[in-house]
2 protein chains.
Amino acid sequence: MATTSCGKPHDVYAAACPCRDMLDLLANKWSALALGALEDGPRRFGAIRAKLEGVSPKVLTATLRRLEEHGLVDRTVYPAVPLHVEYSLTPLGQDACEPLALLRRWVVDNIDRFPGPVLSDPTANVGV
Amino acid sequence: MATTSCGKPHDVYAAACPCRDMLDLLANKWSALALGALEDGPRRFGAIRAKLEGVSPKVLTATLRRLEEHGLVDRTVYPAVPLHVEYSLTPLGQDACEPLALLRRWVVDNIDRFPGPVLSDPTANVGV
DNA sequence: GGTCACTGGTACCCAAAGGGAACTACGATG
DNA sequence: CATCGTAGTTCCCTTTGGGTACCAGTGACC
């Protein structure tokens, strides 16, 4: 198992292992969110952008392109009237969603355990 | 569940939710690796540095400090002779390791399914 | 026919982070 | 006195992230 292209066991801790690049790709805020946004089926650029509150179009484009390059998402263009571009998960992308979904869930479930003052943005605050 | 400090359900997709910051912290290559390096018990700076091949001391310091600030790791200084600093996981950090370990494992287990040419660094290559 | 909006971006620019090499402080050791 | 090992820090440069503005193509609207 896992002793292919670099001739030795894959290891995310090895600098030269392609794993490192993959981890860098997946262990990324926008990637984790973007892949999650596609879990429920294909979505259009604008819809993803809306879901990922606060993402700039440039960053979203870059993120999606990177995911596409690495075979995690498919980009389908429907040359219809006001142009229609759909992003969807590849099978590989779907599989990658599992650990990422767990990570997102863990964050949501455990956020309250974190030392608060640093994290809680005073503007986005308590219903007091 | 999860409707505390910001008065509404936590959501990593919400720009203002503290979850976003936490995800940004955890969904990061060096954080994921550093936390993993501490899974088996406390380690010293030099040991972590050695495990995380290719990390520069500056980046490692920044990463560990950030994790410490957020209550994921503890930093203990033993003012012994050639100075001795140990990093260890807090209970929260230990819990955070689980989803991150799954992510690291997923990468290692699935790296071969990725479109290769893009990923395989020509320098770090096959035993040909 | 000119203008508007809607979609899915790109171009430009700046700030922040990443990353490498060198240097510091501390005392022990030779 | 010079050197070593530890745990960083400092400087500098390159890369990346991120925001704003703007563009193209088309149909609808006035």
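The values are calculated or read from the model by the stated rules, or taken from the named source; none is laboratory data. Only a predicted model underlies this, so the values are computations on that prediction, with no experimental measurement involved. Note that each Cβ is placed from the backbone with ideal geometry, even for glycine, and that neighbours are counted across all protein chains shown.
From the list A:Ala16, A:Ala96, the lone residue that is of a type outside the set (S, T, N, Q), under 21 Å from B:Trp106 (Cα atoms) and not in a helix (DSSP H, G or I) is A:Ala16.
Filtering B:Val81, B:Val73, B:Val77 for residues that are among the aliphatic types (A, V, I, L, M), at pLDDT 95 or above and over 21 Å from A:Pro99 (Cβ atoms) leaves a single hit, B:Val73.
Residue-by-condition table, conditions (1) touching a residue at least 24 places away in the same chain (Cβ under 8 Å); (2) facing chain B (nearest Cβ under 8 Å); (3) within 13 Å of DNA strand C (Cβ to nearest atom):
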position	(1), (2), (3)
A:Pro18	no, yes, no
A:Leu25	yes, no, yes
A:Ala34	yes, no, yes
A:Ser56	no, no, yes
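With respect to being modelled with pLDDT of 95 or more and within 11 Å of chain A (Cβ to nearest Cβ), B:Leu103 fits the description. Based on this model, can you work out whether A:Thr76 counts as loosely packed, with under 15 Cβ neighbours inside 10 Å and polar (S, T, N, Q)? Judged against the criteria, A:Thr76 is a match. Look at (1) among the polar types (S, T, N, Q); (2) modelled with pLDDT of 95 or more; (3) more than 15 Å from the chain's Cα centre (by Cα) and you find that A:Thr4 fails only one, number (2). Across segment A:60-73, the qualifying residues are those that are loosely packed, with under 15 Cβ neighbours inside 10 Å and within 13 Å of chain B (Cβ to nearest Cβ), and the one among them that is farthest from DNA strand C (Cβ to nearest atom) is A:Glu69.
Of all residues assigned to segment B:72-82, none qualifies as being among the polar types (S, T, N, Q) and touching a residue at least 40 places away in the same chain (Cβ under 8 Å).
Within segment A:54-92, which residues are within 10 Å of DNA strand D (Cβ to nearest atom) and within 26 Å of B:Asp11 (Cβ to Cβ)? Listed by number, the residues that qualify are A:Gly54, A:Val55, A:Ser56, A:Pro57, A:Lys58, A:Val59, A:Leu60, A:Thr61, A:Ala62, A:Thr63, A:Arg66. Output yes when any residue across segment A:53-68 is over 27 Å from B:Ala16 (Cα atoms) and in contact with a strand residue (DSSP E or B) (Cβ under 6 Å, 6 or more places away or on another chain), and no when none is. Yes, segment A:53-68 contains at least one residue that is over 27 Å from B:Ala16 (Cα atoms) and in contact with a strand residue (DSSP E or B) (Cβ under 6 Å, 6 or more places away or on another chain).
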